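**Q** Quick one: the structure is below, and I'll ask about it shortly.
What follows draws every value from the coordinates through simple rules; no lab data is involved. No experiment lies behind these values; they were computed from the predicted model shown. As a convention, Cβ positions derive from the backbone with ideal geometry for all residues, glycine included, and neighbour counts pool all protein chains shown.
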């Protein structure tokens, strides 16, 4: 059945390294979100796209994070350089459209920065 | 600004009813949602209620909405071990505002 696919599921890296997380949204969904989840901050919206256009990335540290959607089947979140405080689970979610709030989440990418 | 608040933990005995509560601040929210997150997984939509409704029932789940008090609750009847998860409340106007999540712990 249709699902949001995220890679990698787990990533351990050293401080200063570049990290790229990828997401394949559900076919036909026109809105894609990137969230970060930590114990301390809970669920934080980093960025989202509608019809591949970035609509809001105000939750993202601009100096090191970037989010793109090169085509309708791929969204990427890049951190360069990574820092230990970026350790978290990063979720991608897609929505069918119309701002219904019915989000379909991927299983997440667990990032550990040493 | 907009805010959604939930208790962090709820512990219930297997077979009892669980009631998870949530308060929100944006009275113009169109929809209110309950999402469930099982360990190691992403969130999944459990149910939602339109703001002009008071109650919605779906099998073991009952959602109650008190618009006057801006209070939303999720009742799970006959709680089972498989209901162990974190439950997130969210409100939506043009964007989702999430609560911190309530971890439901089931005692045998």
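**Q** So if I take the centroid of the Cα atoms in the stretch B:70-84 and the same for the stretch B:1-67, what is the distance between those two points in Å?
**A** 8 Å
**Q** Which whole-number percent gives the relative contact order of chain A, counting Cα pairs below 8 Å spaced six or more residues apart? Don't skip to the end; give the middle numbers.
**A** Details: 290 pairs, mean separation 42.4, N = 114.
Over chain A, the number comes to 37 percent.
**Q** While we're here: Report the relative contact order of chain B, percent, no decimals, based on alpha-carbon pairs under 8 angstrom and at least 6 residues apart. List each step's numbers first, then the result.
**A** Numbers: 266 pairs, mean separation 42.2, N = 108.
Averaging sequence separation for qualifying contacts and normalising by length gives 39 percent for chain B.
**Q** Per residue Cα convex hull volume for chain B, in cubic angstrom? Mind dumping the intermediate values first?
**A** Details: hull volume 10.1 nm³, N = 108.
It is 94 Å³ per residue.
**Q** Further, regarding this structure: Could you work out the relative contact order of the stretch A:11-53? I mean the mean sequence separation of Cα pairs under 8 Å and 6+ apart, divided by the number of residues, in percent.
**A** On the way: 35 pairs, mean separation 13.3, N = 43.
Computed over the stretch A:11-53, the figure is 31 percent.
**Q** Given the stretch B:51-108 reduced to its alpha-carbon atoms as identical point scatterers, what log10 I(q)/I(0) does the Debye formula return at q = 0.14, 0.26, 0.28 Å⁻¹?
**A** The calculated log intensity ratios at q = 0.14, 0.26, 0.28 Å⁻¹ are -0.47, -1.22, -1.27.
**Q** Given that compact globular proteins tend to follow 2.2 N^0.38 Å, what is the ratio of the alpha-carbon Rg of the protein assembly as shown to that value? Can you show the working numbers first?
**A** Details: Rg = 17.8 Å, N = 222, 2.2 N^0.38 = 17.1 Å.
Taking the Cα Rg and dividing by 2.2 N^0.38 Å, one obtains 1.04.
**Q** Could you check the simple spin-label distance between residue B:2 and residue A:22, using points 7 Å along Cα→Cβ, in nm with one decimal?
**A** Using points 7 Å along Cα→Cβ, the separation is 3.3 nm.
**Q** Ok, one more. Under the √(5λ) rule applied to the eigenvalues of the Cα gyration tensor, what semi-axes describe the equivalent ellipsoid of chain A? Give them in Å, descending.
**A** Numbers: eigenvalues 103, 38, 34 Å².
So the equivalent ellipsoid measures 23, 14, 13 Å along its semi-axes.
**Q** Something else now. Tell me the label-point distance for the pair residue B:84, residue B:59, using the 7 Å Cα-to-Cβ offset, in nm and rounded to one decimal.
**A** 2.0 nm
**Q** Related question: Using the scaling law 2.2 N^0.38 Å as the reference, what is the normalised Cα Rg of the stretch A:23-82? Could the numbers behind the result be given before it?
**A** On the way: Rg = 11.7 Å, N = 60, 2.2 N^0.38 = 10.4 Å.
Normalised Rg, Cα atoms only: 1.12.
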